[in-house]
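Report on the following structure.
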Amino acid sequence: QVQLVESGGGLVQAGGALRLSCAASGSIASVNAMNWYRQAPGKQRELVATVTSRGHTNYVDSVKGRFTVSRDNAKNTVYLQMNRLQPEDTAVYYCNAVSVYWQVWGPGTQVTVSS
């Protein structure tokens, strides 16, 4: 089991970009899926993007074409490149790792998009 720490959040104007990083304390090469979730105030946590161990990616419709998820197994890090950010993207973003036997979450990083 690994521990996850997100970074890269912050305040950005609408139309801007941020890159989130999720650093794992150990190898993620065999982790089935690395996910990015987000939770806005008063809303349920939402799955935003997934990258599997084979490199397959999937996105929620609202971020398709704007966000890109990637993983660097050599650095034990997963990234979320977020372009053309909109105020509705404001949320705490969480990294999540899912293995066959366990699932772990990072503490989250705040992303705030001003209009």
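The values are calculated or read from the model by the stated rules, or taken from the named source; none is laboratory data. Since the model is a prediction, treat every value here as computed from it, not as a measurement. Quick reminder, even Gly has a Cβ in these numbers, built from the backbone with ideal geometry, and neighbours come from all protein chains shown. Surface areas here come from the heavy atoms of the whole protein model, side chains and all, with no ligands, DNA or RNA. Shrake-Rupley method; radii C 1.70, N 1.55, O 1.52, S 1.80 Å.
Yes/no per residue for (1) in contact with a strand residue (DSSP E or B) (Cβ under 6 Å, 6 or more places away or on another chain); (2) closer than 17 Å to W105 by Cα; (3) open to solvent by 30 Å² or more (accessible area, probe 1.4 Å):
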site	(1), (2), (3)
G26	no, yes, no
A33	yes, yes, no
Y37	yes, yes, yes
A40	yes, yes, no
V48	yes, yes, no
R54	no, no, yes
Y59	yes, no, yes
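Kindly indicate whether any position in the stretch 92-104 is open to solvent by 60 Å² or more (accessible area, probe 1.4 Å) and within 18 Å of E6 (Cβ to Cβ). Yes, the stretch 92-104 contains a residue that is open to solvent by 60 Å² or more (accessible area, probe 1.4 Å) and within 18 Å of E6 (Cβ to Cβ). Being in contact with a Pro (Cβ under 6 Å, 6 or more places away or on another chain) and not hydroxyl-bearing (S, T, Y) holds for only one residue in V63, V2, V113, and it is V113. I'd like the residue in the stretch 61-91 that is without any contact (Cβ under 8 Å) to a residue 24 or more places away in the chain, within 30 Å of S115 (Cβ to Cβ) and more than 12 Å from the chain's Cα centre (by Cα) and, out of all such residues, is least open to solvent (accessible area, probe 1.4 Å). Looking at the filtered set, the residue picked out is R66.
Would you call Y59 among the aromatic types (F, W, Y), under 23 Å from N83 (Cβ atoms) and in contact with a Lys or Arg (Cβ under 7 Å, 6 or more places away or on another chain)? No, not satisfied.
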